[in-house]
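Shown next, in C-alpha cells, is the structure this report addresses.
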Amino acid sequence: MTTPSLEELARELEELRFDRFDLDVAWRLGCLVREIAHADALPVRMELSVAGNVLFATALPGTSPDNAEWIRRKRNTVMRFHRSSLALRLECEAKGTTLGARFGLDDKDFVASGGGVPIATRATGVIGAAVVSGLPDVEDHQLMVLAIRALHSE
C-alpha cells in the first residue's frame with residue numbers, strides 16, 4: 001500500500017469536507033466503514049466523534065482493548081492539530097522528530113500514526129474525528145478515506 005505524500009494528504013483534507021455532518025451522516029458513515037471492513041474480514045475498531053461525543057463506534061472480530069487506546073490517542077492528535085494523524089506522522093518523520101519532542105505532548109495521549117481523519121464541514125471546519133485502528137496505519141487511514149469518499153458519492 002502506497003503512503004500518500006503530505007501534499008496529497010492536504011488536498012485530501014479539503015476533498016473530504018462535508019456539506020453537513022449530523023447524526024444521520026455519522027450513522028451512514030459508520031455503517032459504511034463497518035460494511036467495508038466486514039466484507040474484507042478486517043480486524044478493525046472504529047469511532048466517529050464530534051464535540052467530544054461518540055456518535056458511532058464498532059469493533060470487528062480480531063480487535064482488542066488496545067485498539068480503543070490507539071483510537072483515543074489518534075483522536076486526540078486529530079483534534080489538537082485539525083489534520084490527519086497520518087499527516088502528522090509523515091511530517092514528524094520528515095523533520096526527524098516526534099510529537100512529544102516537537103510539541104511537548106505525552107505519548108500516552110497522542111500518537112502520530114495513521115487512521116485518524118478530521119471530520120470537517122465546509123461551513124465550520126473541523127468538528128470531530130473519524131478514527132480506525134487495527135491495520136497498518138496507512139491502511140487504517142485509507143479505509144476511512146474510502147468510506148468517506150463512498151458516502152460523498154451517494
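Points worth noting:
- When each of C92, C31 is scored by the number of other beta-carbon atoms lying within 10 Å, the sequence from fewest to most is C31, C92.
- Kyte-Doolittle mean at least 0.5 and Cα axial length at least 18 Å: DSSP H helices in the chain: 23-39
- Available extension along the chain between T2 and A51 is 14.5 nm, counting 0.36 nm per residue and deducting the alpha carbon span.
- Rounded to the nearest 20 debye, dipole of the chain from Cβ charges on Lys, Arg, Asp, Glu: 360
- With R₀ fixed at 35 Å, the C-beta to C-beta distance from A39 to A123 puts the FRET efficiency at about 0.60.
- When the square roots of the Cα gyration tensor eigenvalues are ordered a ≥ b ≥ c, the ratio a/c for region 76-129 is 1.5 or more and a/b exceeds b/c, which makes its shape prolate.
- Derived value for region 6-152: Kirkwood hydrodynamic radius 15.0 Å. Basis is the mean of 1/r over every pair of different alpha-carbon atoms.
Just so you know, all these numbers are worked out from the coordinates, no wet-lab data involved. For clarity, every value in this text was computed on a predicted model and none was experimentally measured. With ideal geometry, Cβ positions are generated from the backbone for all residues, glycine too; neighbour counts draw on all protein chains shown.
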